[in-house]
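Undergrad: Please see the structure below; I have some questions.
The values are calculated or read from the model by the stated rules, or taken from the named source; none is laboratory data. Just so we're clear, the structure is a prediction, and the values are computed from it rather than from any experiment. In this analysis, Cβ positions are derived from the backbone assuming ideal geometry, glycine residues included, and neighbour counts consider all displayed protein chains.
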Amino acid sequence: MAGGCDPHIVALHSLADALDHEGIDWAVAGAVAANVHREAIRTTNDLDVLVALAGKGLSVVQDALHQRGWTTLAAAEDFLLRLGHPEAGRLDVMVSGTDYETGAIARADRTNHDERLSFKTLAVEDVVILKLIADRSQDAADVESILATKPDFDMEYMTRWFEVFNHLDLGGRYARCLANVEDRGLLQPPRPRKTRLPDH
C-alpha cells in the first residue's frame with residue numbers, strides 16, 4: 001500500500017480507496033484536521049473521519065474497510081465505528097447525524113496529496129465548531145491553538161451556527177477560549193487560509 005511508514009497516509013489511501021469507491025462523502029476531522037489549521041502540532045495516533053452515508057448503512061463502510069485489512073475494535077450502531085490496521089493505526093469513523101455535519105463535509109477543503117491520493121479536511125470553522133460542541137479539555141486546548149494563529153474565519157458562518165446551537169453556549173465557549181489565548185499572550189501573526197497535508 002502506498003504511503004510509506006506514515007500511518008496517517010496509509011490510512012488515507014485506504015479510506016479514499018474504500019469510501020470513494022462506495023460513493024460516500026467524507027472528511028478528515030479531529031486532532032489531525034486541527035493540525036492543518038495551527039502551528040503547534042499535537043501528536044496523535046488516531047485518525048478521525050466524518051462520513052455522510054446518504055441512506056447507506058454503516059455496515060457498507062465496515063465491509064469496505066474489512067476488505068482492505070481493517071479490523072473492527074468497537075462499534076456503536078449507526079453513528080460510530082472504531083477500527084485498527086497493522087500499518088495504518090487506529091481509525092474512528094463518525095457518521096454525520098445532523099444537517100450541520102453533512103454540510104461541514106460538503107464544504108470541507110480538498111487536498112491533492114499526489115496523483116493517487118485526494119481527500120477532504122474539515123474547514124477551520126467546522127473544526128472549531130465541532131470541538132466547541134465536544135467541549136472536553138483537550139478540545140478547548142485545540143481551539144485555543146487554532147485561535148492563536150488568528151485564522152481568517154468566516155465569522156458570519158460561525159455566528160449562524162453559534163445561534164443554531166445556542167443551547168450549548170458555543171459563543172460563550174468560543175469567547176472563553178479567545179480570552180485564554182489573549183491573556184496568555186499566545187497570539188501569532190495572522191495567517192491566510194491554507195490546506196496542507198495533515199501532520200501527526
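Undergrad: Just the residues that are in a loop (DSSP other than H, G, I, E, B) and in contact with a Ser or Thr (Cβ under 6 Å, 6 or more places away or on another chain), please, taken from segment 40-82.
TA: A40, R68
Undergrad: I need the full set of residues from segment 113-126 which are closer than 16 Å to H8 by Cβ and not charged (D, E, K, R), in order please.
TA: Those that are closer than 16 Å to H8 by Cβ and not charged (D, E, K, R): H113, L117, S118, F119, T121, L122.
Undergrad: List the number of the failed condition for T149; all other conditions in (1) outside any helix (DSSP H, G or I); (2) farther than 29 Å from K56 by Cα; (3) modelled with pLDDT of 95 or more; (4) not acidic (D, E) hold.
TA: So the condition that T149 fails would be (3).
Undergrad: Please go through segment 142-160 and give me each residue that is touching a residue at least 24 places away in the same chain (Cβ under 8 Å) and either farther than 14 Å from A123 by Cα or touching a Leu at 6+ places or on another chain (Cβ under 6 Å) (or both), ordered by number.
TA: Within segment 142-160, D142, E144, S145, L147, A148, T149, K150 meet the criteria.
Undergrad: Just wondering, is there one or more residues in segment 168-183 that are of a type outside the set (G, A, S), modelled with pLDDT of 95 or more and part of a loop (DSSP other than H, G, I, E, B)?
TA: Yes.
Undergrad: Across segment 128-146, which residue is farthest from V181 (Cα to Cα) among those that are among the acidic types (D, E) and in a helix (DSSP H, G or I)?
TA: D139
Undergrad: All but one of (1) surrounded by 19 or more Cβ atoms within 10 Å (Cβ to Cβ); (2) outside any helix (DSSP H, G or I) hold for S118; which doesn't?
TA: S118 satisfies every listed condition except (1).
Undergrad: Do the conditions hold for L73, that is, is it more than 16 Å from V28 (Cβ to Cβ), touching a Lys or Arg at 6+ places or on another chain (Cβ under 8 Å) and not hydroxyl-bearing (S, T, Y)?
TA: Yes; evaluated as a whole, the condition is true for this residue.
Condition check ((1) in contact with a Leu (Cβ under 9 Å, 6 or more places away or on another chain); (2) acidic (D, E); (3) crowded, with 19+ Cβ neighbours inside 10 Å; (4) more than 16 Å from D17 (Cα to Cα)) across all residues:
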site: D63; (1), (2), (3), (4): no, yes, no, no
site: W70; (1), (2), (3), (4): yes, no, yes, no
site: A74; (1), (2), (3), (4): yes, no, no, yes
site: E77; (1), (2), (3), (4): yes, yes, no, yes
site: R82; (1), (2), (3), (4): yes, no, no, yes
site: A88; (1), (2), (3), (4): yes, no, yes, no
site: V93; (1), (2), (3), (4): yes, no, yes, no
site: T98; (1), (2), (3), (4): no, no, no, yes
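Undergrad: Go through segment 98-144 and give me each residue that's over 14 Å from V32 (Cα atoms) and of a type in the set (D, E).
TA: D99, E101, D114, E115, E125, D135, E144
Undergrad: Also: Those residues that are β-branched (V, I, T) and touching a Gly at 6+ places or on another chain (Cβ under 9 Å), I need them from segment 127-173; list them, please.
TA: V127, T159 - these are the residues of segment 127-173 that are β-branched (V, I, T) and touching a Gly at 6+ places or on another chain (Cβ under 9 Å).
Undergrad: Let me ask something else about it. Enumerate the pairs (first residue in segment 8-35 and under 20 Å from G103 (Cβ atoms); second residue anywhere and buried (at least 24 other Cβ atoms within 10 Å of the Cβ) and of a type in the set (K, R)) with beta-carbon separation below 9 Å, excluding pairs fewer than 6 apart on the same chain, so at least 6 apart or on different chains.
TA: Qualifying pairs under 9 Å: G30/K131; A34/K131.
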